[in-house]
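Student: The structure follows.
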């Protein structure tokens, strides 16, 4: 098995991109990644595209082919594969690209993620997102994603004493990070009061506990680690690429307050990399709702169970804290184009490890982690990256 | 890169399976494959599921997780990944599984394919299938798949003199093969007259030139070649797994009568395997329409351009002929559950190479090929398998 490195990154601005189409977005991200890697499209040997639900959002399947075509990559007839695991589709695209390079099937691979969510109305978008849950046992009986995560939040508050203010601080902190990120959908700073007085969505979760509906795309370029310095002076190495599944339905889980697939994927990742949670300098985790970030930083091993809320309120997860979490602004403030998020997380960590994160820079960051969740935890993908 | 072998196969009956759900189908195929391999679910390390459009057909995305969950494979939290390239999704699932084993990431992998198409009406199904074409430049202006392939057929008739009778003989031959296959959707024999007098769909293609809308699932179990004999006395080896892309739109192609992605994927496959087209004893090719089979057997190198129609009429592609094509009945008679077809093709070839194809058996078959097309040729996946 060959080691793999990231030599190029690209990411569009995230937001409600009325003036850009599905195609415009992935082309822009791809070109940025190729330019960053200093290579031409003709050097690309394969492409993996993460996308959750283009069939519903833009009535287009066969996404790998359309990306390759409109990006001008069909002149070499490269293999182009769409992978999907709901909101973890981007993470899967990264892992699939890593495996393709590790296998020696391909040398120069693009892993990309794309979602164009605003071409449909909110009702259709919410229904599309509900297809990430168990349609027959959850969505069909009215369980939307805010309601499923609300149950986790309520259970976490009951079991560990997590408070409304601690949840709110996740959003406050991620907006403060997003304010520093030119790509972020929301760059306004907010307060705990603004979160706790925002409209109720699914008790206890309010509007500012929820990540938004977003358009965006991101891409990274992968090569064998031994070839990385042919392309760049600042390769970032993939130390682990792991994935775990769990029951798709929340009601079938062992616990409402732990996402077991996160625990397992993280355990596999740390074992593969020969590292511990304390070795991680910066992490992008899946904060689709505020409670999701608190559970993630516990399940990844950064904090003990129940300690995630207090640590957040104490500033330990802010830039300058013990372990900065979601320096991009996270899903909450940077935005959550579902198929793109997993790749955007990698783009952010690469910028941090290269020392190119400007106002968001975590001093001396050498090792970073990404954590991408599908649904309520039916799929989790974890990557550990290092300088 | 490790060599890979297939040690187990499973396939449901194909057809309008009103009494079976999406979940029932993939569970059945998976259990059949595990039983055939003589292993338990606990030994499976990863799963790749090919599916084109479950978001539209059954309103369910996050397909990898739901397959792993309902198949009981989440007890080990295995990675489970959906791949999609329209009607080539099954072939992609096979290739993705092969790469995962070759990479040393995983040893025992299931590659499966599934589509449940009959839960929606014909109009919605046809629209879902149109999402495999370019939605903005083809589907939105009314180009359905029969009309796109009809243009290829007309061009092929003009350029090479291919006749209406030659096209019809593809369907006649595939129905005669399907009559021998207990899994086939259609087991009735038909005549050239029945094809040429069936209702016109898109001139020159008639109803019996078109593959049907089908429910079904199929699965294969993959292991490293060096471990294959731990599991079975009849391993089938993967000699090549290749994939190529092309423009998604037909009007952007160099030719209407050649699918370049087939030519490229086949060239790569024969080069990888160190074989020639004449070495292939039996092949499953993508006959979504009768013209597609004629183009495929030419583009794969079995016949010169223009010779596919006459060879078909002369019986060279029937069981007992020079190179039997679509012994399963093909997409036309066995049926075409779009995400499952690529895996069903592999199941058929494995049965042929094991000598277990009963009345469909090609005497002495040692090397077989599968050819799976997405859309009108935006994606093509080719596998070469051998005893």
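Student: Once you average over the residues of A:105-114, how many Cβ atoms of partner chains fall within 10 Å of each Cβ? Provide the component values of the computation, followed by the final result.
Tutor: Details: counts 9, 1, 0, 0, 0, 0, 0, 0, 0, 0.
Mean number of neighbouring Cβ atoms from other chains: 1.
Student: Could I ask something else about it? Would you report the distance distribution of C-alpha pairs in chain B as whole percents per 20 angstrom bin, up to the bin with the largest distance?
Tutor: Calculated over all Cα pairs of chain B, the distribution is 33, 60, 7 percent.
Student: Related question: Can you give me the angle between helix A:290-299 and the longest principal axis of chain A, using Cα atoms only, in degrees from 0 to 90, rounded to the nearest 10?
Tutor: Its long axis makes an angle of about 70 degrees.
Student: Here's a follow-up. Just for the protein assembly as shown, what percent of DSSP beta bridges are antiparallel, to the closest 5?
Tutor: On the way: 77 of 105 bridges.
If I count the DSSP bridges inside the protein assembly as shown, around 75 percent turn out antiparallel.
Student: Using Cα springs under 10 Å in a Gaussian network model of chain A, which residue among A:22, A:302, A:160 shows the largest mean-square fluctuation?
Tutor: A:160
Student: What do you get for the angle between helix A:89-102 and the principal long axis of chain A? Use alpha-carbon atoms, 0 to 90 degrees, nearest ten.
Tutor: That works out to roughly 40 degrees.
Student: How far apart are the residue B:364 label points across copies, placing each 7 Å from Cα toward Cβ, in nm, shortest first?
Tutor: 7.3
Student: Nearest the rotation axis from A to B, which residue of chain A has its beta carbon, and at what whole-angstrom distance?
Tutor: With distances in whole Å, chain A gives A:103, 2.
Student: May I ask you to work out the translational diffusion coefficient for the stretch B:1-122 at 20 °C, viscosity 1.002 mPa s, via Stokes-Einstein with Rh from the Kirkwood sum over Cα pairs, reported in whole µm²/s?
Tutor: Details: Rh = 14.5 Å.
Using the Kirkwood radius from Cα pairs, D works out to 147 µm²/s.
Student: Take every residue in peptide B:90-101, count the Cβ atoms of other chains within 10 Å of its Cβ, and give the average of those counts.
Tutor: Working: counts 0, 0, 6, 1, 0, 3, 6, 0, 2, 11, 5, 1.
That works out to 3 on average.
Student: Go ahead and run the numbers for FRET between residue B:155 and residue B:191, Cβ-Cβ distance against an R0 of 35 Å, rounding to 0.05. Write out the running numbers ahead of the final one.
Tutor: On the way: r = 26 Å, r/R0 = 0.76.
E(calc), rounded to 0.05, equals 0.85.
Student: Given the stretch B:254-387 reduced to its alpha-carbon atoms as identical point scatterers, what log10 I(q)/I(0) does the Debye formula return at q = 0.15, 0.20, 0.21 Å⁻¹?
Tutor: -0.63, -1.20, -1.34
Student: Going by how many other Cβ atoms sit within 10 Å of their own, how do A:3, A:299, A:127, A:281 line up, fewest first?
Tutor: On the way: A:3 14, A:299 26, A:127 17, A:281 20.
Sorted ascending by nearby Cβ count, the order is A:3, A:127, A:281, A:299.
Student: In Å and on Cα atoms, what radius of gyration and Dmax does the protein assembly as shown show?
Tutor: In order Rg, Dmax, the Cα atoms of the protein assembly as shown give 25.2, 80 Å.
Student: I would also like to ask the following. Relative to the longest principal axis of chain B, what angle (0 to 90°, nearest 10) does the C-alpha long axis of helix B:260-273 take?
Tutor: Here the helix axis deviates by roughly 40 degrees.
Student: If neighbour count is taken as other Cβ atoms inside 10 Å, put A:215, A:24 in order from fewest to most.
Tutor: Values: A:215 27, A:24 16.
Lowest count first: A:24, A:215.
Student: Averaged over B:126-137, how many beta carbons belonging to a partner chain fall within 10 Å of each residue's beta carbon?
Tutor: On the way: counts 0, 1, 3, 1, 3, 9, 6, 5, 7, 9, 7, 0.
That works out to 4 on average.
Student: In nm, what does the list of distances from residue B:141 to its counterparts in the other copies look like, shortest first, when each label sits 7 Å along Cα to Cβ?
Tutor: Those separations, rounded to one decimal, come out as 4.9 nm.
Student: If you don't mind, another one. Order by neighbour count: B:96, A:80, fewest other Cβ atoms within 10 Å first, most last. Mind dumping the intermediate values first?
Tutor: On the way: B:96 27, A:80 31.
Exposure proxy ranking, most exposed first: B:96, A:80.
Student: Which distances, in nm and shortest first, link the residue A:207 label point to the same label point in every other copy, taking 7 Å along Cα→Cβ?
Tutor: 5.5
Student: Which one, A:97, A:342, A:38, has the greatest fluctuation when you compute a Gaussian network model over chain A with C-alpha springs under 10 angstrom?
Tutor: Sorting by GNM fluctuation, first place goes to A:38.
Student: Using 10 Å bins from zero, what percent of all Cα-Cα pairs in the stretch A:196-316 falls into each bin?
Tutor: Once binned at 10 Å, the Cα pair distances of the stretch A:196-316 give 11, 31, 35, 18, 5, 0.
Student: For the stretch A:75-174, just the Cα set please: Rg and Dmax, both in angstrom.
Tutor: In order Rg, Dmax, the Cα atoms of the stretch A:75-174 give 18.9, 58 Å.
Student: While we're on this one: List the pair-distance distribution P(r) of the stretch B:23-70, using every Cα-Cα distance, as the percent of pairs falling in each 5 Å bin from 0 up to the bin containing the longest distance, rounded to whole percents.
Tutor: P(r) over the stretch B:23-70, rounded to whole percents: 5, 18, 30, 26, 12, 8, 3, 0.
Quick note: the coordinates plus some simple rules give every number you see, no bench work behind them. Model, not experiment: these values are computed from the prediction. Quick reminder, even Gly has a Cβ in these numbers, built from the backbone with ideal geometry, and neighbours come from all protein chains shown.
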